[in-house]
Amino acid sequence: MNVDFVRWPESLAQRYRERGHWLDQPLTRILDQQCRERPDALALICGERRFSYAEIDRLASNLAARLSALGLGHGDTALVQLPNVAEFHIVFFALLKIGVAPVNALYSHRRLEMSAYARQIQPRLLIAARRHELFSDETFMGELRSISPALAQVLLLGETSPDTSLDLWLAEGGAPSHGGTPTRADEVAFFQLSGGSTGTPKLIPRTHNDYDYSVRASAEICRLSPQTRFLCALPAGHNYVLSSPGTLGVFHAGGCVVMAANPEPLGCFALIERHGIDMAALVPSAVALWLQVVPGHEAALRSLRLIQVGGASFAEALARQVPEKLGCALQQVFGMAEGLVNYTRLDDADELVFTTQGRPISPDDEVKVVDEEGRDVPDGETGMLATRGPYTFRGYYRSPEHNEKVFDVDGFYYSGDLVQRSAQGYLRVVGRIKDQINRGGEKIASEEVENLLLLHPEVMQAALVAMSDPLLGEKSCAFLVARKPGLPPSALRQHLIAQGVAEYKLPDRFRFIDTMPLTPVGKIDKNRLRQQLQNPPVSLS
Ligand code: J2J
């Protein structure tokens, strides 16, 4: 039995195999290869702990053996929520080894997101951290059991009880070898998270074949090698830092990953200096902070060769400062958990690197830039991005209605981004049509937050829109029509927190208005709301 998903048509699958993109090998080959070629090489640094490739493999095999002995395997799924620690990678490989497909939730996710994922995948396994607020007592685990009656095993990082201690299950060898095998390479390996624009967060099935190709090709574009020392400071499960080329790319190349809890500059500078890190993947808001803090710390960054910036729009003025102030090359990355990833190349002219978000990984990435009627727009003009290719998914997990809306009949995925393409195929991201807020790289689906606000008894109408922010690029503002005046924003924040939504989705600002502006067809006119933010009312006080 396998996890169901929307497959590529056979003709395209054949093409991707013929071109050597799909190797029909599981993602575990990344680790297997290093265990053959350089078992004792340093693979992972986490605080004071250091792991060789053989060590990662040994720990992952221990866990795989125990899980396999419980009967977990193909067709099963796992809900995983770990902070940025070595265990994230070890668990990921352990699950791949026995063909259990995980969802790697962000550590900032709370009850609402975790429940939504559990409802969709019906996990048989939960792996989380005791120190996370959701798992400090048994309440939420009880809720998860009722959402997913199949839940057979819970393992917690930082737990002492032998039955549920992730630490012990990793450390103690069980059976000499696990009986499990990875799923077939053209089956689902794991689920990636969608930034989302709908009421419930959607899941993206990723196969071994498609993900492995994006990792291999990315590692080549970024010229990773066994000498690479990579800083993993963004949430480890995020598609960008996992695969573009990310930690998997580094493992593929035989290099070393250094874990950081977050991108906070001084902590990262200390890690860079101590471990001779040469490459870091960051979001624009983190780079802006690094640029602010770097004067006086330049020496700590001497080993840095490349900073990647992606996940949100990076202002050209800041891009130009990177080489001079941080003393390293810049690479822009425009990607999405659904698939397509674009990079500026390491030998591109400065102008391209400063002013574009790069070009696709693969000659077989098909990119259309189209107008509202689906007609190609000329080079240089703005249009909607649509794409299909050897590592771009073909459908959200069990979401046929939503898939109808975001794919065309030829299987092109409409990402909701507005882009311009140059004659050489370089893309510039100039806006978006999806109803989403990009808060420093963290994506917020407006509809999700609006629905939660509407659950408050005093709220009649709600609309969440982006407002510009000097550091994060965008923050969120909730416009509300309330039943009566005097509803304090603190009560609304409290209401949202009580719903169990992740903190980054809480509106940064609340504005109460008497009536919502409407479009001619009667929908809330978000453009008018955004304009109101640009023209704040004159205060009389
Ligand atoms: C503007 N907008 C960008 C960029 C992503 C590599 C890099 C990023 C992601 C990612 C990723 C942008 N400039 N450079 O998965 O592998 C916005 C677009 C896009 C959405 C995808 C990767 N880079 N974006 O950010 O799934 O709107 O993936 O559609 O989180 O982020 O978000 P996400």
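The values are calculated or read from the model by the stated rules, or taken from the named source; none is laboratory data. Note that this is a predicted model, so its numbers are computed, not measured. Heads up, the Cβs are rebuilt from the backbone with ideal geometry, glycines too, and the neighbour counts pull from every protein chain shown.
Odds and ends about this structure:
- Filtered by the rule that a residue be part of a strand (DSSP E or B), within 12 Å of the ligand (Cβ to nearest atom) and free of Cβ contacts under 8 Å to residues at least 60 places away in the same chain, the stretch 398-416 gives a lone residue, Tyr414.
- Of everything in the stretch 185-211 that is over 14 Å from the mean Cα position of the chain (by Cα) and modelled with pLDDT under 95, the residue that is nearest to the ligand (Cβ to nearest atom) is Ser197.
- Filter result for Gly73 (surrounded by fewer than 22 Cβ atoms within 10 Å (Cβ to Cβ) and in contact with a helix residue (DSSP H, G or I) (Cβ under 6 Å, 6 or more places away or on another chain)): yes
- Leading residue by the ranking (nearest to Lys202 (Cα to Cα)) among those in the stretch 336-348 that are within 6 Å of the ligand (Cβ to nearest atom) and buried (at least 24 other Cβ atoms within 10 Å of the Cβ): Met336
- Some residue of the stretch 298-309 being at pLDDT 95 or above, assigned to a loop (DSSP other than H, G, I, E, B) and within 23 Å of the chain's Cα centre (by Cα): no
- When residues in the stretch 273-283 are screened for being farther than 20 Å from Arg345 by Cβ and either among the aromatic types (Phe, Trp, Tyr) or within 24 Å of the chain's Cα centre (by Cα) (or both), 2 of them pass.
- Only one entry of Gly440, Gly486, Gly522 meets the criterion of being on the phi > 0 side of the Ramachandran plot and surrounded by 14 or more Cβ atoms within 10 Å (Cβ to Cβ), and that entry is Gly440.
Per-residue answers, yes or no, for (1) among the aliphatic types (A, V, I, L, M); (2) more than 25 Å from His74 (Cα to Cα); (3) under 28 Å from the mean Cα position of the chain (by Cα):
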| position | (1), (2), (3) |
| --- | --- |
| Asp137 | no, yes, yes |
| Arg145 | no, no, yes |
| Leu155 | yes, no, yes |
| Trp169 | no, no, yes |
| Glu172 | no, no, no |
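- Yes/no for Val257 being crowded, with 20+ Cβ neighbours inside 10 Å, more than 20 Å from Ile30 (Cα to Cα) and away from the ligand (no atom under 12 Å from the Cβ): no
- Considering residues of the stretch 14-48 that are out of contact with any strand residue (DSSP E or B) (no Cβ under 7 Å at 6 or more places or on another chain) and among the hydrophobic types (A, V, I, L, M, F, W, C) only, the residue nearest to Gly389 (Cα to Cα): Trp22
- Selection from the stretch 418-438 of residues that are under 28 Å from Glu351 (Cα atoms), within 11 Å of the ligand (Cβ to nearest atom) and of a type in the set (Lys, Arg): Arg428, Arg432
- Every pair of residues 6+ apart whose Cβ atoms lie under 6 Å, when the first sits in the stretch 353-364 and is within 16 Å of Leu418 (Cα to Cα) while the second is among the hydroxyl-bearing types (Ser, Thr, Tyr) and surrounded by 18 or more Cβ atoms within 10 Å (Cβ to Cβ): Thr356/Tyr426; Gly358/Tyr343; Gly358/Thr344; Arg359/Tyr426
- Options Ser214, Ser225: the member that is within 13 Å of the ligand (Cβ to nearest atom) and within 30 Å of Arg15 (Cα to Cα): Ser214
- Positions within the stretch 244-253 being within 11 Å of the ligand (Cβ to nearest atom) and either surrounded by fewer than 24 Cβ atoms within 10 Å (Cβ to Cβ) or part of a loop (DSSP other than H, G, I, E, B) (or both), in sequence order: Ser244, Pro245
- Exclusive hit being touching a residue at least 12 places away in the same chain (Cβ under 8 Å), under 27 Å from Leu234 (Cβ atoms) and more than 21 Å from the chain's Cα centre (by Cα), set Leu63, Leu67, Leu112: Leu63
- Residue-level analysis places Asp364 among those that are in contact with a Pro (Cβ under 7 Å, 6 or more places away or on another chain), of a type in the set (D, E, K, R) and more than 12 Å from the ligand (Cβ to nearest atom).
- Residues within the stretch 367-389 that are in a strand (DSSP E or B), of a type outside the set (S, T, N, Q) and within 17 Å of Gly416 (Cβ to Cβ), tallied: 9
- Boolean, Pro162 is away from the ligand (no atom under 16 Å from the Cβ) and either in a strand (DSSP E or B) or not hydrophobic (A, V, I, L, M, F, W, C) (or both): yes
- For the stretch 269-297, residues that are closer than 21 Å to Cys222 by Cβ and part of a helix (DSSP H, G or I) total 7.
- Across the stretch 265-319, the number of residues qualifying as in contact (Cβ under 8 Å) with a residue 12 or more places away in the chain and within 16 Å of the ligand (Cβ to nearest atom) comes to 23.
- Residues being under 25 Å from the mean Cα position of the chain (by Cα), hydrophobic (A, V, I, L, M, F, W, C) and over 30 Å from Ser115 (Cβ atoms) - total across the stretch 34-60: 5
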